Amino acid sequence: MASRRLVQLSNEHWIVLNIKRSTVHHLQRCCVHSRIKEDLEDENFKVLNILRDKDVKRFKWEKPPDVRTLSRADCMKTDMNWTSVWPTKAPFRWGSVPLPIRQGYRKKEYKLSAGKYGNAELVKIPNFLHLTPPHIKTHCQAIKKFCTEFPSELKNREIRKANFPLEVITSDYVTCGTSLRDPRSREVTVNVDLSVLKFDEHSVTKIKKLAGDKMDEKAMTLQLKSDRCPVRKQNFDFNVYTLTALYYESQEKEDWEDEMEESDWVKYQWDKTQSKKKILKLKQKILQINSGEKTDLASSVSKSDPNVSVVDTEDDIQSYKSAFSNLKDEGDSRETLNAYKQSVLKLLKL
């Protein structure tokens, strides 16, 4: 729509302006004129009551009661099956955990941390609510049908140790982190019972020297650990390679090993010392004094059994040998000196 308007520039000159207006502007003007017309036609004007009546009840705003709907945790029973509440791995949900858990920073020491309701800190950290003992028991029962029973014959440790001298120990870890791989799971431990292997005295002495603190001399077991490789199988192969190298290296005998002196021995060898000859002479003199005749101790033993030595047949010599060897290997102590004393008294029959 358009309208014309005359604008006087001077006393003699006029200009005609064509003004265009939108349809919306025209409608607004029509609505305003219609409202004014309706108000003029209406004879009943609204009366402004400044002094309000006392009988009229005023609206009074009241604070609504704090009514919170009960969560699932509030309605849970004490004997409820937890595996149905939290069956799989999931972030923390405060409405499903019936525990007074708190997490977060305390602004003051005497104040408690924030509760579980709407606590974002509990959502950030991983939880193991899906790995409780009831969950593990249910999982084991589910996979039990795929397993075989453990042989009753192998429940005895001695029988199991004799049939399976090699023991491999590995560990699996459960984590809720960004990666399922734990670096500790690559560690492999191999325990070997050396009594099953065919070792002579020289091999046992040499493998003790090579293995060091990895070998238990009393139990005759060797323990090898490895976690240097990135994969578990590589660490197992490395332990097997180490065991193979130790076995074959202990079987070899170098020329210089025959030239070892008493100070170079790892373990005291009583049979190769002068102490053995002196004890045998002393034992022979004791027998001559008791019998009154000249007897040869070595010849009497060799006639009965040529494969048995004098030390193996005589208990007093055997006890003296073990006591003197322990005194040399372990050093002076109250126990070793007392054992050596008793062996000497037994040898001299005092």
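Can you name every one of the helices (runs of 4 or more DSSP H) wholly within region 253-350 that holds 2 or more residues which are at pLDDT 80 or above and open to solvent by 50 Å² or more (accessible area, probe 1.4 Å)?
So the answer is 274-291, 315-330, 334-347.
Does region 77-108 hold any residues that are in a helix (DSSP H, G or I), farther than 13 Å from F128 by Cα and not hydrophobic (A, V, I, L, M, F, W, C), and which are they?
The answer is S84, G95, S96.
Is there a residue in region 165-182 that is of a type in the set (S, T, N, Q) and either in a helix (DSSP H, G or I) or touching a Pro at 6+ places or on another chain (Cβ under 6 Å) (or both)?
no
How many residues, within region 113-137, are part of a loop (DSSP other than H, G, I, E, B), closer than 20 Å to S71 by Cβ and of a type in the set (A, V, I, L, M, F, W, C)?
The total comes to 3.
Give the residues of region 115-156 that are closer than 22 Å to T175 by Cβ, open to solvent by 90 Å² or more (accessible area, probe 1.4 Å) and among the charged types (D, E, K, R), sorted by residue number.
Across region 115-156, the qualifying residues are K124, K137.
In region 229-249, what residues are touching a helix residue (DSSP H, G or I) at 6+ places or on another chain (Cβ under 7 Å) and open to solvent by 60 Å² or more (accessible area, probe 1.4 Å)?
P230, V231, R232, E249
Mind listing whichever residues of region 77-113 are in contact with a helix residue (DSSP H, G or I) (Cβ under 8 Å, 6 or more places away or on another chain) and farther than 20 Å from K137 by Cβ?
Matches in region 77-113: P91, F92, W94, S96, I101, Q103, G104.
Could you look through region 201-225, keep only residues that are more than 25 Å from the chain's Cα centre (by Cα) and open to solvent by 80 Å² or more (accessible area, probe 1.4 Å), and pick out the one that is farthest from E254 (Cα to Cα)?
Only one residue tops the list, namely K218.
When you scan region 186-200, how many residues do you find that are surrounded by 18 or more Cβ atoms within 10 Å (Cβ to Cβ) and either of a type in the set (G, A, S) or touching a Cys at 6+ places or on another chain (Cβ under 8 Å) (or both)?
1
The values are calculated or read from the model by the stated rules, or taken from the named source; none is laboratory data. From a predicted model like this one, the values you see are computed outputs, not experimental measurements. When we count neighbours, we look across all protein chains shown, and the Cβ atoms used for this are built from the backbone with ideal geometry, even at glycine. The protein model used for the area step is the full one, side chains on, heavy atoms only, and it has no ligands, DNA or RNA in it. Shrake-Rupley method; radii C 1.70, N 1.55, O 1.52, S 1.80 Å.
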